[in-house]
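Okay, so here's the structure we're looking at.
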Amino acid sequence: MPIENELIISETDYEKLSRLIKVSRSEATAALDEELVKADVCPDALMPADVVSLYSKTHFKDVKTGAKRVVTIVMPWESSITEMRISILSPVGIALIGARVGAVIDWPLLNNCSVSLKIEKVLRAAPKELSNA
């Protein structure tokens, strides 16, 4: 399957996120919908390992400061900032989903500021974690 866009979403993630958008209309779901429109939908079995998806651990660094973080993008009701489980409807969740290792994304902050983040590594969730999601 040729990948034509910079964003890639697995079929499973696309289905889950499309349902979320349909039942929860907000500015955040509208922004997520805009991102999904730009993405190539990829069969789960062919999903590249270096793409941020739901439940994958994403390692990134602040381009300016070099500070590193690891987050897991989850559904809104599964989020926990103390566990670094970030809602897909957060600005960083929307910015990271579907991006590949090496991509630099802008994380919007308060007061019209943003931080540039470079994705360094993506670790897929184990099948057991996916089945509980």
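Once you have the Cα-Cα distance between residue 112 and residue 25, take 0.36 nm times their residue separation minus that, and quote the gain in nm to one decimal.
In short, 29.0 nm is gained.
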Exercise. How much length, in nm to one decimal, is gained on full extension between residue 121 and residue 44, taken as 0.36 nm per residue of separation minus their Cα-Cα distance?
Worked result: 25.8 nm
Problem set entry | Ranked by how many other beta carbons lie within 10 Å on average, peptides 68-79, 104-115 from highest | 68-79, 104-115
Problem set entry | For the range 9-61, alpha-carbon Rg relative to the globular expectation (2.2 N^0.38 Å, N residues) | 1.19
For this session: Send over a whole-number figure in Å² for the accessible area per residue of the chain, probe 1.4 Å.
Result: 58
Seminar exercise, completed: Filtered hits (lysines, Cα-Cα < 20 Å from residue 16, offset >= 8 within chain) -> 38, 57, 128
Seminar exercise, completed: Over the chain, the quotient of the Cα radius of gyration and 2.2 N^0.38 Å is 0.99
For this session: Could you run the Karplus curve 6.51 cos²θ - 1.76 cosθ + 1.60 with θ = phi - 60° over the range 52-59 and give me ³J(HN,Hα) per residue in whole Hz, x for Gly and Pro?
Result: 5, 9, 4, 6, 7, 7, 10, 9
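Using unit Cβ charges (K, R positive; D, E negative) and no other charged atoms, how large, in debye to the nearest 20, is the dipole of the range 39-123 about its Cα centre?
Computed charge dipole of the range 39-123: roughly 340 debye.
Which percent of the accessible area of the range 8-130 is formed by carbon and sulfur heavy atoms (probe 1.4 angstrom)?
Within the range 8-130, the accessible surface is 55 percent carbon and sulfur.
The values are calculated or read from the model by the stated rules, or taken from the named source; none is laboratory data. Values in this document were obtained by computation on a predicted structure and should not be read as measured data. FYI the Cβ positions are ideal-geometry reconstructions off the backbone, even for glycines, and counts take in every protein chain you see. When the accessible area is computed, the model is the full protein with side chains, heavy atoms only, and any ligands, DNA or RNA have been set aside. Shrake-Rupley method; radii C 1.70, N 1.55, O 1.52, S 1.80 Å.
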